[in-house]
Amino acid sequence: MLLPTEAIGSIPRSVALMEAQRRFDAGEIDKPTMEAFYYEAVQQTVRELEATGSPIITDGEQRKTHSFATYSIEGGENVSPDGLEIPFSDGHVRRLPRLTAGPFRFALSAAETLSLSRPLTDLPMKQAIISASALSLLYPDTDIEGYDRDTFLNDLIDEQVKEVRACFKAGAQKVQIDFTEGRLALKLDPSGSVLDSFIELNNRVLERFSDEERQRIGIHTCPGADQDCTHSADVDYAELLPTLFELKAGNFYIAMANEAQPERALKIVARYLKPWQRAFIGVIDVNHPRIESPEEVCERVLQAARFIPLDQLGTTDDCGFAPFCDDISTSRETAYAKIRSRLEGTAMAREQLTTKRMI
């Protein structure tokens, strides 16, 4: 298909779901009651995404408890809340958990959430998962007694490989690995050695899959999106993009609508994109409340098409609309309006580009 278009994943939670999550965390409601809230939220989100006309949908990450990054280890007995701090541009901070003991195992697989939402729609579904490189940040600076870092990384890779395979088995057409820490790595370590280690670690996962399977696996990169703020937009994209395409995945979902110099970044994408890879270019700025017009989206697509081969181009949103469960900076109505603009603008560009091809 010329110019496929996909969302990244998360949709803002409803007020009812956020309140239920707060009450569950406080011990005021039990797990079956919380499950009922999750089911209702997923069912509503799937129905609303279908109504936008999206060709492939997600469950809106409604079951990912507190965040896209920590769903797999929340509730585990061997984690502590005092892990790595991630500061955002407005000064607020998110914090990762810290692993306190081995072995490392997922408390929740994204495949489990997918299996509960898959029966709710006949449309194809994609499933977003957190990257092995992001989860590697759970391990503390000093070794855990009886559980060294190399053993942890081996366990981590095994867990993520199992998760991807389980997502395919549960009916995912695509599995998207969230790699938002790629740009952040360069902020933490401008030398690039941390980024190189992240690429190597994620490739250890990807190498366990066939060429055909890797065509159904994607990598998402962005400078963060939380409360309309970023954590690494001040890092030059040119430092990340050439290395990004060394990841052995078939699809790349690349934030671009919020870039100060999109043409410069698109030229870099075009230079380093491999023939068997597709670049889904972000045409919706999820960190800005203004709803883009379809015409504006169309122009962004046409700009990307001036540099990236049409057979390797797609469109997406810059990020999920609410990667953290308590983010109320974007309403559900705004998220759906932006999605519809992406769909309509992509269709407009597709028509123009198809006509141009035929001439």
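The values are calculated or read from the model by the stated rules, or taken from the named source; none is laboratory data. Because the structure is predicted, anything quoted here is derived from the model rather than measured. Glycine gets a Cβ as well: all are built from the backbone with ideal geometry, and neighbour counts include every protein chain shown.
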Can you go through Leu114, Leu84, Leu99, Leu108 and tell me which one is over 23 Å from Phe252 (Cβ atoms), modelled with pLDDT of 95 or more, of a type in the set (A, V, I, L, M) and surrounded by 15 or more Cβ atoms within 10 Å (Cβ to Cβ)? Leu99
Filter segment 248-296 for residues that are among the polar types (S, T, N, Q) and loosely packed, with under 15 Cβ neighbours inside 10 Å; which is farthest from Asp196 (Cα to Cα)? Ser293
Inter-residue pairs, beta-carbon under 7 Å, first outside any strand (DSSP E or B) and surrounded by fewer than 21 Cβ atoms within 10 Å (Cβ to Cβ) and in segment 2-18, second of a type in the set (D, E, K, R) and modelled with pLDDT under 95, 6+ apart: Met18/Asp326
Those residues of segment 145-161 which are loosely packed, with under 14 Cβ neighbours inside 10 Å and either under 19 Å from the mean Cα position of the chain (by Cα) or outside any helix (DSSP H, G or I) (or both) amount to Glu145, Gly146, Asp148
Taking the residues in segment 67-80 that are surrounded by fewer than 14 Cβ atoms within 10 Å (Cβ to Cβ) and at pLDDT below 90 as candidates, determine which candidate is farthest from the chain's Cα centre (by Cα). Glu77
Taking into account only those residues within segment 293-331 that are in a loop (DSSP other than H, G, I, E, B) and among the charged types (D, E, K, R), which is farthest from Phe68 (Cα to Cα)? Arg306
Testing Glu28 on (1) surrounded by 15 or more Cβ atoms within 10 Å (Cβ to Cβ); (2) at pLDDT 95 or above, one condition comes back false. Which one is that? (1)
Index of the failed condition, Glu61 passing every other in (1) of a type in the set (Asp, Glu); (2) surrounded by 12 or more Cβ atoms within 10 Å (Cβ to Cβ); (3) touching a strand residue (DSSP E or B) at 6+ places or on another chain (Cβ under 6 Å): (3)
Residues of segment 278-309 satisfying the condition of being more than 27 Å from Gly250 (Cα to Cα) and not charged (D, E, K, R): His288, Pro289, Ile291, Ser293, Pro294
Is there any pair linking a residue in segment 25-36 that is within 20 Å of Ser67 (Cβ to Cβ) to one that is surrounded by 12 or more Cβ atoms within 10 Å (Cβ to Cβ), with Cβ under 8 Å and at least six apart or on different chains, and which? Lys31/Phe24; Met34/Ala20; Met34/Gln21; Met34/Phe24
Keeping to segment 117-134, report how many residues are of a type in the set (A, V, I, L, M, F, W, C) and surrounded by fewer than 19 Cβ atoms within 10 Å (Cβ to Cβ). 2
